[in-house]
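Reviewing the structure listed below.
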Amino acid sequence: MHKKNSLTIHILIGLVLGALVGIATSYLPEGSLRDVWLIEGIFELVGSMFINAIKLLVIPLVFISLVCGVSALGDITRLGRIGGKTMAFYLISTSIAIALALIVAQQIKPGSGLDMTKLVEQQPSINAPQSLVKTLQKIVPENPFMAMAEGNMLQIIFMALLVGIAATMSGEAAKPVLDIFESANEVIMKMVVIIMYFAPYGVFALIAKTFATVGFDAMLPLIKYTITVLLVLLLHITVVYMLALRGLGKLDPIKFFKNFLPAMSVGFSTASSSATLPITIETVEKRCGVSKSVASFTLPLGATINMDGTAIMQGVAVVFIAQVYQIDLTLGSFLTVILTATLASIGTAGVPGVGLITLAMVLESINLPVEGIALIIGIDRLLDMSRTAVNISGDAVCTLLVAKSEKEFDLEIYESDNTDD
Ligand code: ASP
């Protein structure tokens with residue numbers, strides 16, 4: 001916990017120093033110190049190594065964690081009704097979250113006014129937007145290794161789903177394989193931690209290069225991006241969750257937030273749904289009145305596959321990055337983003353920073369430059385904290401609704417004041 005907070009502080013220091021150094025650099029006279037040594041030298045080297053390290057993890061991370069996620073669904077079929085309701089809520093709420101993010105971001109236009117096209121040597125290959133039929137057709141890979149080598153995310157997801165479903169259907173016989181996937185998953189997560197350790201330097205270099213190249217102009221769009229993400233997170237909590245609690249569960253939504261606040265604050269400070277899980281379970285059972293049998297199933301599943309807050313960040317980021325690179329998004333791209341971000345949410349592990357890595361997959365699915373992540377990585381840690389609080393709230397709201405409909409819920413506990421703990 002202490003270490004995590006100090007990483008956050010270091011990243012923020014990297015961000016602020018990067019911005020200051022970048023702005024100062026932009027005022028240096030043109031010449032080899034500014035252009036060769038700093039912008040195309042140190043900043044470029046450190047920044048691109050950091051981005052490469054993130055990209056390196058995308059394919060194994062998505063593939064392995066999706067296989068693990070799908071095999072967790074094996075229990076769902078067994079749990080039948082509860083599983084079906086939980087999955088439906090998780091998938092629908094995530095799709096609503098991302099659609100909301102796309103719509104609001106399109107209105108606010110956080111990226112307008114910042115032109116990053118001068119930062120890319122060659123323009124991203126966006127050409128003619130692909131038709132939906134072509135996109136759908138290409139989801140099924142002919143060759144799994146080619147799909148991975150090309151980094152074709154939709155194909156990789158398809159493969160992962162197929163492997164996960166087949167492994168689940170194989171039952172006991174597939175246990176050794178799934179154990180290997182689980183253990184590989186742990187290793188990949190550790191790699192994320194290692195790479196995050198270098199984040200302050202990466203962030204410093206990336207932000208410095210951004211500000212040195214585009215100067216002060218970069219500041220306003222970044223602030224607009226942050227505000228847009230926070231706004232949509234708030235909207236999702238207040239409109240979608242509250243309406244769901246009131247409409248579907250006939251429950252007082254204000255009571256929910258009063259009850260659930262302790263877990264939200266732990267989610268916020270750890271930026272990790274998984275790390276918060278014990279607190280989430282405890283809070284949902286003891287303060288919200290959900291039975292153990294429901295909470296112990298829906299919450300771990302939610303911490304693994306349901307990330308509404310992350311999907312919101314990804315939706316806003318897609319619009320932001322498309323705008324700064326001056327790329328128009330078609331209806332087909334929006335639909336692809338809704339699909340891939342919902343799947344990305346399943347593949348995003350509940351630990352800090354992973355949402356930014358799976359964002360690479362969402363960007364790639366519609367041919368947006370992954371380098372755009374460099375722009376937002378500096379402020380991501382703060383947004384990560386906020387979106388994690390939303391991620392776990394989504395899990396809790398779903399759990400409450402499922403428990404209520406299954407009569408595994410104690411209204412008296414939910415409505416009591418809970419002042420004793
Ligand atoms: N930190 C998020 C969580 O644990 C995941 C992410 O968006 O990076 O829920």
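The values are calculated or read from the model by the stated rules, or taken from the named source; none is laboratory data. These figures come from a predicted structure and were not determined experimentally. FYI the Cβ positions are ideal-geometry reconstructions off the backbone, even for glycines, and counts take in every protein chain you see.
Details
- Flag if residue 375 is modelled with pLDDT of 85 or more and more than 13 Å from the ligand (Cβ to nearest atom): no
- Taking first residues from segment 295-322 that are among the aromatic types (Phe, Trp, Tyr) and partners that are surrounded by 24 or more Cβ atoms within 10 Å (Cβ to Cβ) and not in a helix (DSSP H, G or I), the Cβ contacts under 9 Å between residues at least 6 apart in sequence or on separate chains come to 320/110; 320/111.
- The set of residues from segment 244-273 being surrounded by 19 or more Cβ atoms within 10 Å (Cβ to Cβ), of a type in the set (S, T, N, Q), in a helix (DSSP H, G or I) and within 16 Å of the ligand (Cβ to nearest atom) comprises 270, 273.
- Residue pairs whose Cβ atoms lie under 8 Å apart, separated by 6 or more positions or on different chains, with the first residue in segment 17-39 and more than 17 Å from residue 200 (Cα to Cα) and the second among the basic types (Lys, Arg) and surrounded by 19 or more Cβ atoms within 10 Å (Cβ to Cβ), are 39/209.
- Out of 254, 223, 227, 237, one residue alone is closer than 16 Å to residue 399 by Cβ and either of a type outside the set (Gly, Ala, Ser) or touching a Phe, Trp or Tyr at 6+ places or on another chain (Cβ under 7 Å) (or both). It is 237.
- With respect to (1) surrounded by 19 or more Cβ atoms within 10 Å (Cβ to Cβ); (2) within 13 Å of the ligand (Cβ to nearest atom); (3) of a type outside the set (Asp, Glu); (4) farther than 20 Å from residue 90 by Cα, the lone exception for residue 394 is condition (4).
- Matching residues, segment 217-234, being at pLDDT below 80 and either in contact with a helix residue (DSSP H, G or I) (Cβ under 6 Å, 6 or more places away or on another chain) or of a type in the set (Ser, Thr, Tyr) (or both): 218
- From the list 383, 411, the lone residue that is in contact (Cβ under 8 Å) with a residue 24 or more places away in the chain and more than 16 Å from the ligand (Cβ to nearest atom) is 411.
- One residue from 276, 210 being within 16 Å of the ligand (Cβ to nearest atom) and either more than 19 Å from the chain's Cα centre (by Cα) or in a helix (DSSP H, G or I) (or both): 276
- So residue 304, is it among the hydroxyl-bearing types (Ser, Thr, Tyr) and either at pLDDT below 90 or surrounded by fewer than 24 Cβ atoms within 10 Å (Cβ to Cβ) (or both): yes
- Hits in segment 193-223 (condition: under 24 Å from residue 352 (Cβ atoms) and surrounded by fewer than 20 Cβ atoms within 10 Å (Cβ to Cβ)): 193, 194, 195, 197, 198, 201, 223
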